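For reference, the structure is listed below as structure tokens.
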Amino acid sequence: DAGVIQSPRHEVTEMGQEVTLRCKPISGHNSLFWYRQTMMRGLELLIYFNNNVPIDDSGMPEDRFSAKMPNASFSTLKIQPSEPRDSAVYFCASSLGGDNQPQHFGDGTRLSIL
Amino acid sequence: AQSVTQLGSHVSVSEGALVLLRCNYSSSVPPYLFWYVQYPNQGLQLLLKYTSAATLVKGINGFEAEFKKSETSFHLTKPSAHMSDAAEYFCAVSESGGYQKVTFGTGTKLQVIP
């Protein structure tokens with residue numbers, strides 16, 4: 001079975017540019033999570049969707065970040081305008097509903113903002 | 001509120017030696033507990049999970065963890081370390097209640113010395 005698919009795997013862009021990260025969750029999973037991982041701050045939850053609806057976006061750093069889930073098989077995380085401090089690895093994860101269900105992670109997008 | 005503390009950001013063991021990675025949790029309700037492993041340039045993968053069925057949980061790659069309510073601990077062990085175990089390990093807690101928010105620890109990097 002295909003796992004969580006993220007694209008692109010690597011993105012290098014200049015400060016001020018718009019960045020769009022994409023995620024395809026595992027088919028049948030109804031929860032989707034976006035995380036950011038850095039050396040300094042570790043793994044941070046940015047936003048959580050359940051049945052395509054954003055449930056908790058309290059981790060989104062600021063208005064420059066936005067996330068959408070137009071359908072059960074696709075989600076995007078957008079940064080506009082990007083800044084050097086946004087450089088990190090961004091992970092998407094999906095899971096079946098329920099507190100005892102593990103999350104399945106994609107391989108991440110390594111984002112570098114110059 | 002739930003939280004997780006992983007003692008030791010770096011642990012080094014000799015090949016063939018016991019692996020012990022420590023995790024203590026805080027939760028106001030019976031928790032669900034998870035251990036994940038992250039290899040370089042990959043996302044997190046589930047090693048094992050505790051969901052109250054049995055206090056000793058066996059996972060993949062020979063790892064196991066024991067839930068000790070009195071100590072609020074969920075330490076990860078493996079009797080004999082292998083070079084391929086070198087990775088970063090994350091403990092995570094989820095509280096029952098339908099919200100499905102998972103709190104991850106800060107991670108422990110395991111080095112295996114030949």
Total formal charge among the other residues, if their Cβ is under 13 angstrom from that of A:PRO61, Lys/Arg +1 and Asp/Glu -1: -1
What's the carbon and sulfur percent of the protein assembly as shown's accessible surface, probe 1.4 angstrom, rounded to a whole number? 51 percent
Equivalent-ellipsoid semi-axes (√(5λ), Cα gyration tensor) for the stretch B:1-104, whole Å, largest first? 23, 15, 12
Roughly how big is the A-B contact, given as buried accessible area in Å² (both sides, 1.4 Å probe, nearest 100)? 1800 Å²
For the stretch A:24-88 and the stretch B:19-85, what is the separation of their Cα centres, given in Å? 26 Å
Please calculate how many Å² of accessible area the protein assembly as shown carries per residue, with a 1.4 Å probe and no DNA, RNA or ligand atoms counted. 48 Å²
Taking N as its residue count, the alpha carbon Rg of the protein assembly as shown over 2.2 N^0.38 Å: 1.02
Viscosity 1.567 mPa s, temperature 4 °C: what is the translational diffusion coefficient of chain A from Stokes-Einstein with a Kirkwood Rh over Cα pairs, rounded to a whole number of µm²/s? 92 µm²/s
Which lysines, on any chain, are close to B:LYS49 with Cα under 17 Å apart, when same-chain ones fewer than 8 places away are left out? B:LYS58, B:LYS68, B:LYS69, B:LYS78, B:LYS101
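The values are calculated or read from the model by the stated rules, or taken from the named source; none is laboratory data. Model, not experiment: these values are computed from the prediction. Cβ: placed from backbone, ideal geometry, glycine included. Neighbour counts: every protein chain shown. Calculation scope for accessible area: heavy atoms of the full protein, side chains included, ligands and nucleic acids excluded. Shrake-Rupley method; radii C 1.70, N 1.55, O 1.52, S 1.80 Å.
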